[in-house]
Each structure stands twice: as C-alpha cells, then as structure tokens.
Amino acid sequence: MKYMPVQNFINGQFVDASTAKTLPLISPIDGIELSMVPMSTSADLDAAVTAAKRAFPAWSNTPIKERVQVFFRYKYLLEKHLGELANLCSEENGKTYSESVAEIEKCIELTEFATSLPQLVTGEVLEVSRGVECRTTHVAIGVVASIVPFNFPSMVPNWTIPNAIALGNCMVLKPSEKVPLSAGRLAQLLKEAGLPDGVFNIVHGDAEIVNAICDHSGIEAVSFVGSTKVAKLVYQRATANLKRCLALGGAKNHLIVLPDAIPDMTAQNVAASMSGCAGQRCMAASAMIGVGNIDHIINKICDEARKIIPGENLGAIINKASQQRIEKYITDAEQQGAKILVDGRNTKVAGKENGTYVGPTVIDFVTPQMSVATKEIFGPIISIMRTDTVDEALAIENANPYGNAASVFTQNGGMARYIIDRANAGMIGVNVGVPVPREPFSFGGWNDSKFGVGDITGKSSIEFWTKLKKATTKWNSEAGVNWMS
C-alpha cells in the first residue's frame with residue numbers, strides 16, 4: 001500500500017475504527033492499491049457525534065466574525081497545498097491533474113464565500129411600533145452531517161464544510177469509501193487553520209453509516225450528494241426521524257443545439273461537457289438534442305471527441321464495475337439501432353493496463369426511449385437525438401424525470417429566452433456546456449435531482465444551516481399597553 005490505512009477523525013485526532021472490517025482502496029488510474037478503508041460502525045458515529053455535541057456550545061457562541069477567521073486561514077492553506085491536494089484527488093479518483101487543480105480552485109472559491117457570511121447574516125431590525133423593536137438572528141442548528149460522493153473528493157465536501165461550520169454548526173462528514181484520502185487531508189488543514197477539536201469529524205464506512213446518520217438522535221440536519229435512488233432513501237429516512245434534509249441526486253442533462261449555433265464553439269463545449277471528469281459529474285451533458293440540420297456540428301463534435309485521449313486529457317472511470325456498466329450502455333444502444341460515431345469501448349492505456357478507462361463516445365440517431373437517452377450513465381458519452389422543432393426538443397427535455405441542468409446553443413437571443421423559460425431544470429446555460437453557478441449563486445436542481453428545500457451552496461444554504469430567532473423588545477413603559485403587548 002502506498003498510504004497507511006485510513007482512520008476516522010474524531011475530536012481533532014485520527015483514530016482507528018471499532019471494527020477490523022475494511023475495503024481496499026484501488027487507484028482507477030493504474031489499479032495500484034493505495035490504502036485500506038474502515039467500515040465503521042454506529043459506535044464510531046456515536047463517538048463523533050459526542051465530540052461534536054461537546055464542541056457545539058463554545059463554537060456556536062463564538063462570534064461569527066471570529067469563526068470565519070479559521071476559514072481565511074483555511075483558504076490560505078488550500079492555496080499553499082493546491083498541488084498536493086490535486087495529486088491526491090487524481091490518485092484516488094482518477095481524474096486528470098488539471099481537472100483536480102480546478103477542483104481545488106473551486107474549494108478555494110467556496111471557502112472565500114464562507115468568509116463573507118458575516119455580511120450576509122446580519123439579520124434585520126425594525127421599530128414596529130413606538131418603542132417596540134423586532135430583530136431576527138440566524139442561529140446554528142447543532143450537530144449536522146454531510147454525506148458526500150466519490151466524483152469530487154474535495155469540492156463536494158467543501159460545498160458544506162465552510163458554510164455549515166462558519167455559521168456555527170459542528171459537523172460529521174461521511175466521505176465516499178471510494179475516495180477517503182482527500183477528506184483526511186482537509187481535516188488536517190482545518191485543524192492547522194485553528195478549528196477547535198470536535199467541530200469537524202470524519203467517519204468512514206458504507207451504507208451502515210449512512211443509515212446510522214439518518215437515525216441518530218444527536219444529528220439535527222443531513223446533506224447528501226449521490227445517486228437519485230439513494231438520495232430518495234436518505235431524504236425519506238432522515239425526515240422520518242424529524243431531521244431537516246437536503247439530498248441531491250442524479251441528472252440527465254440535455255443540450256439543445258440549434259442550426260444557427262457557432263459550430264466550433266458548440267463542438268468544443270459539447271465535447272468538454274460530456275468528457276470532463278470522465279463524465280462522472282452530475283452536470284455533465286449526456287444527451288444532446290439537435291433541432292433541424294446540424295450534421296455539420298455533429299461532425300465537429302466527433303472531431304473534438306477524437307482529440308480526447310484516455311490517460312492524457314481524459315481521466316479514468318472510478319472502478320471496473322462502473323467501466324463495464326458504461327460500456328454495456330453503449331453496446332445496448334448499438335443493438336437498438338443507434339449509430340456509434342466515436343467508440344470508447346475496450347480502451348487500454350499503455351503502462352496503465354490495470355486502470356479503468358472508457359474513451360469518449362458519440363452516439364447518433366438515439367431515440368428518446370433508449371436507455372442511453374434516459375439513464376444517468378456517468379461516463380464520457382453523448383447521446384444525440386434529433387427533432388424538427390424546438391418544441392419537440394423541449395418535450396423530450398421536460399419528459400426527463402431529473403432536473404439538474406439544460407443548455408441551449410444558439411445565436412438567437414429570443415429563442416434562448418424561449419428555452420430558458422420552458423426548460424424544466426434548475427440550472428440553465430446558453431452556449432455553456434456546464435452551467436454551474438459561481439458563488440454567491442447557489443447550486444441545486446429540480447425534480448428527481450433534488451429532495452428538500454433550498455440549495456446546498458451560496459446564499460441559499462444559509463437557510464438550511466441555520467434557524468431564525470425572532471426577538472421583540474419593549475423598554476419604554478410610557479408606550480402603554482396595546483394589542484402588541
């Protein structure tokens with residue numbers, strides 16, 4: 001093993017789990033064993049929650065302007081260790097180094113937003129009657145949990161860590177068992193930045209820990225990012241236990257391409273959107289709807305796809321099972337009558353033969369009923385459907401049960417607005433392949449892509465991580481008694 005066995009992080013210390021059960025951590029880049037991950041038990045979660053509850057009174061009563069000083073220092077440490085964090089992300093996730101650098105840069109932006117929270121949670125005060133004042137205050141809710149996926153080992157944890165903790169909460173993080181190393185390094189940097197022991201804790205494990213988090217009476221709120229199937233289960237279980245919950249699920253994002261789209265720009269954006277992070281992101285474009293004659297644009301998309309080389313500017317798929325599942329989607333589409341224009345099956349990278357790679361794949365003449373048109377594939381695949389009109393394209397997009405993102409490629413502003421107003425998704429792009437909002441705008445989809453109220457980042461996250469206290473005060477006895485008294 002390249003690294004020591006993974007440990008939990010509880011009350012400011014790395015500690016062994018209470019079980020000997022582990023899973024091997026295999027790098028998807030080359031199949032090398034990196035470490036062993038403990039499958040913790042509810043006893044380990046109890047210890048983390050106990051530490052968080054013990055730290056909560058002092059941390060939540062620390063003025064927010066003092067709390068965010070930790071995140072000013074944390075931001076500096078993320079910048080200082082950017083290269084190291086990017087390398088670690090690449091090793092355990094399989095994405096390219098440049099993609100990992102971009103991920104850490106996004107962590108820095110998320111942390112920067114958290115440092116602005118004192119200016120965003122000032123509350124309101126108003127003299128509502130002579131001598132009577134009403135005031136609102138955002139109050140931390142207590143011990144919270146964040147359950148995060150494999151595809152962004154650093155960024156998705158930082159969707160929740162800076163905001164939730166800066167707002168006064170204490171946290172238990174459950175990383176994906178497929179990418180546990182980055183989370184441990186983030187814990188070290190938070191401690192180095194001055195975060196008190198117990199405010200941030202990590203418990204590794206599998207579904208047993210996820211269920212234990214949803215059931216634990218000491219946890220007040222749960223955020224989750226992962227597949228829609230599991231997001232529904234987490235949301236139902238957490239809310240059944242009277243917790244607030246925000247669970248982000250999967251996606252099937254549609255790019256609507258009109259004949260007037262700029263060919264080169266469109267092709268580059270489509271290819272980058274479908275292949276970035278090997279397609280393993282919930283904002284990846286995996287379905288494209290061409291309106292009218294767009295053969296010239298499809299030809300350029302294929303040209304761009306062929307420039308994407310596995311092991312060079314295309315990363316690995318997380319594991320062998322995912323690789324096989326993705327390739328089966330391609331084969332099924334071919335058997336159902338679709339045409340494979342660029343085929344990424346059976347990809348091997350020289351010197352990394354034990355890695356798990358799928359090459360960029362462009363599939364044309366897909367029908368809306370095919371599995372590649374309806375399922376979240378999570379691979380570097382674009383499935384192209386064809387329609388005669390924009391309304392037909394919108395009908396396909398709106399029939400999609402997910403609602404994360406949609407984009408339109410056109411030079412017609414009126415048509416862009418028409419699609420923005422009618423696309424059934426929470427994040428819309430115009431000539432943008434990956435329409436992720438930048439801070440302070442929040443990340444969050446609709447429909448089967450999100451369960452719960454609000455978004456997980458940006459200003460919208462404040463309402464999730466706090467509760468509102470309202471105080472009404474009256475000091476002047478001469479105001480007398482009225483209906484407000």
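Odds and ends about this structure:
- Residue satisfying all of: in the range 92-135; within 15 Å of the chain's Cα centre (by Cα) and among the small types (G, A, S); surrounded by the most Cβ atoms within 10 Å (Cβ to Cβ) among these: S100
- Looking only at residues in the range 367-380 that are part of a loop (DSSP other than H, G, I, E, B) and in contact (Cβ under 8 Å) with a residue 60 or more places away in the chain, the one that is surrounded by the most Cβ atoms within 10 Å (Cβ to Cβ) is P380.
- P437 falls short of the stated requirement of being farther than 26 Å from A305 by Cα, touching a residue at least 12 places away in the same chain (Cβ under 8 Å) and surrounded by fewer than 21 Cβ atoms within 10 Å (Cβ to Cβ).
- Among the residues listed as G83, G31, the single one being loosely packed, with under 14 Cβ neighbours inside 10 Å, in the same structural domain as P157 (by TED's automatic domain parsing) and either outside any strand (DSSP E or B) or of a type outside the set (V, I, T) (or both): G83
- Annotation note: Cβ proximity below 7 Å between a residue of the range 268-292 that is assigned by TED's automatic domain parsing to the domain that holds I318 and free of Cβ contacts under 8 Å to residues at least 60 places away in the same chain and a residue that is of a type in the set (D, E, K, R) and surrounded by fewer than 24 Cβ atoms within 10 Å (Cβ to Cβ) (sequence gap 6+ or interchain) occurs for Q268/E304.
- For the range 136-166, the candidate set comprises residues that are touching an Asp or Glu at 6+ places or on another chain (Cβ under 7 Å) and not in a helix (DSSP H, G or I); within that set, the residue that is surrounded by the most Cβ atoms within 10 Å (Cβ to Cβ) is P153.
Okay, residues lined up against (1) assigned by TED's automatic domain parsing to the domain that holds G184; (2) in contact (Cβ under 8 Å) with a residue 60 or more places away in the chain:
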| position | (1), (2) |
| --- | --- |
| V210 | yes, yes |
| S217 | yes, no |
| V230 | yes, no |
| M265 | no, yes |
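- Test: residue in the range 228-250 that is at pLDDT 95 or above, among the aliphatic types (A, V, I, L, M), within 20 Å of W465 (Cβ to Cβ) and touching a Lys or Arg at 6+ places or on another chain (Cβ under 6 Å): yes
- Matching option when the condition is of a type in the set (S, T, Y) and not assigned by TED's automatic domain parsing to the domain that holds S461, among Y97, Y3, Y74: Y3
- Residue within the range 285-299 that is modelled with pLDDT under 95 and either crowded, with 22+ Cβ neighbours inside 10 Å or more than 27 Å from A395 (Cβ to Cβ) (or both) present: yes
- Within the range 381-391, at least one residue is of a type in the set (D, E), assigned to a helix (DSSP H, G or I) and either in contact with a helix residue (DSSP H, G or I) (Cβ under 9 Å, 6 or more places away or on another chain) or at pLDDT 95 or above (or both).
One line per residue, one yes/no per condition, for (1) among the acidic types (D, E); (2) touching a residue at least 60 places away in the same chain (Cβ under 8 Å); (3) within 18 Å of I10 (Cα to Cα):
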position	(1), (2), (3)
I161	no, no, yes
I165	no, yes, yes
N169	no, yes, yes
P175	no, no, yes
V179	no, yes, no
Q188	no, no, yes
G194	no, yes, yes
F200	no, yes, yes
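Rundown of residues vs (1) hydrophobic (A, V, I, L, M, F, W, C); (2) under 25 Å from L394 (Cα atoms); (3) crowded, with 23+ Cβ neighbours inside 10 Å; (4) in contact with a helix residue (DSSP H, G or I) (Cβ under 6 Å, 6 or more places away or on another chain), yes/no style:
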| site | (1), (2), (3), (4) |
| --- | --- |
| V203 | yes, no, yes, yes |
| V210 | yes, no, no, no |
| F224 | yes, no, yes, yes |
| A231 | yes, no, yes, no |
| A247 | yes, no, yes, yes |
| P259 | no, yes, no, no |
| M274 | yes, yes, yes, no |
| C277 | yes, no, yes, yes |
| M283 | yes, yes, no, no |
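- The set of residues in the range 1-56 being over 30 Å from Q323 (Cα atoms) and aliphatic (A, V, I, L, M) consists of I10, V15, A17, A43, L45, A47, A48, V49, A51, A52, A55.
- Filter pass, V390 being among the hydrophobic types (A, V, I, L, M, F, W, C), closer than 21 Å to S100 by Cα and in contact (Cβ under 8 Å) with a residue 24 or more places away in the chain: no
- Among (1) under 19 Å from S449 (Cβ atoms); (2) touching a Cys at 6+ places or on another chain (Cβ under 8 Å) - the single one N400 does not satisfy: (2)
- Yes/no for T356 being surrounded by fewer than 21 Cβ atoms within 10 Å (Cβ to Cβ) and either at pLDDT 95 or above or at positive phi (or both): no
- Some residue of the range 398-407 being crowded, with 18+ Cβ neighbours inside 10 Å, more than 22 Å from the chain's Cα centre (by Cα) and assigned by TED's automatic domain parsing to the domain that holds I330: no
- For the range 115-132, the condition holds for at least one residue, the condition being that it is part of a helix (DSSP H, G or I), out of contact with any strand residue (DSSP E or B) (no Cβ under 6 Å at 6 or more places or on another chain) and closer than 24 Å to V172 by Cβ.
- Cβ-Cβ under 7 Å pairs, at least 6 apart or on other chains, the range 89-113 side farther than 20 Å from I308 by Cα, far side among the basic types (K, R) and assigned to a helix (DSSP H, G or I): I108/K75; T111/K75; E112/K75
- Taking the range 1-24 as the range and being surrounded by 16 or more Cβ atoms within 10 Å (Cβ to Cβ), polar (S, T, N, Q) and farther than 15 Å from A43 by Cα as the test, only T22 passes.
- The numbered conditions (1) surrounded by fewer than 21 Cβ atoms within 10 Å (Cβ to Cβ); (2) not in a strand (DSSP E or B) are all true for A333 except (1).
The values are calculated or read from the model by the stated rules, or taken from the named source; none is laboratory data. Not measured: the values here are computed from a predicted model. In this analysis, Cβ positions are derived from the backbone assuming ideal geometry, glycine residues included, and neighbour counts consider all displayed protein chains.
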